[in-house]
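Before any comments, here is the structure.
The values are calculated or read from the model by the stated rules, or taken from the named source; none is laboratory data. Model, not experiment: these values are computed from the prediction. A quick note on method: Cβ atoms are made from the backbone with ideal geometry, for glycine too, and the neighbour counts reach across all protein chains shown.
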Amino acid sequence: MATGWEKASDGKWYYFEGSGAMQSSRWLKQGTAWYYLSGSGAMQTGWLLTGGAWYWMDPESGMMATGWLENGGSWYYLDPSSGAMATGTAVIDGTRYIFDDSGACADFVDE
């Protein structure tokens, strides 16, 4: 019976609880790292939209990223406590940043 992380023949990672049940459609915390398991149970990588917010899941490890992220030539800010991508206007370390509709940092104003 599989328990913990298992890599399938399709190259995707799946997580099995101690009972052997595959987990899906949920967040999984291990230590300080957060992962998201898709509806099929596969570990999510790349951009993830869930609960009305966007998250970045590292393409290699699947761990949720926090803080500043450069992706595709644009900068994004991922809340340090929740991992949710900033949108609209946000004050970060005393500087007001403006994020466009995609969440990319469009401008900033020193406060």
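Conditions tested, residue by residue: (1) in the same structural domain as TYR14 (by the TED database); (2) farther than 24 Å from SER25 by Cα; (3) surrounded by 11 or more Cβ atoms within 10 Å (Cβ to Cβ).
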| site | (1), (2), (3) |
| --- | --- |
| TYR36 | yes, no, yes |
| GLU60 | no, no, no |
| THR66 | no, no, yes |
| LEU78 | no, no, yes |
| ALA84 | no, no, yes |
| GLY94 | no, yes, no |
| TYR97 | no, yes, yes |
| ALA104 | no, yes, yes |
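How many of the residues in segment 43-58 are of a type in the set (A, V, I, L, M) and surrounded by fewer than 19 Cβ atoms within 10 Å (Cβ to Cβ)? Counting residues in segment 43-58 that are of a type in the set (A, V, I, L, M) and surrounded by fewer than 19 Cβ atoms within 10 Å (Cβ to Cβ) gives 3. For segment 43-72, the tally of residues that are more than 23 Å from TRP5 (Cα to Cα) and within 8 Å of the chain's Cα centre (by Cα) stands at 1.
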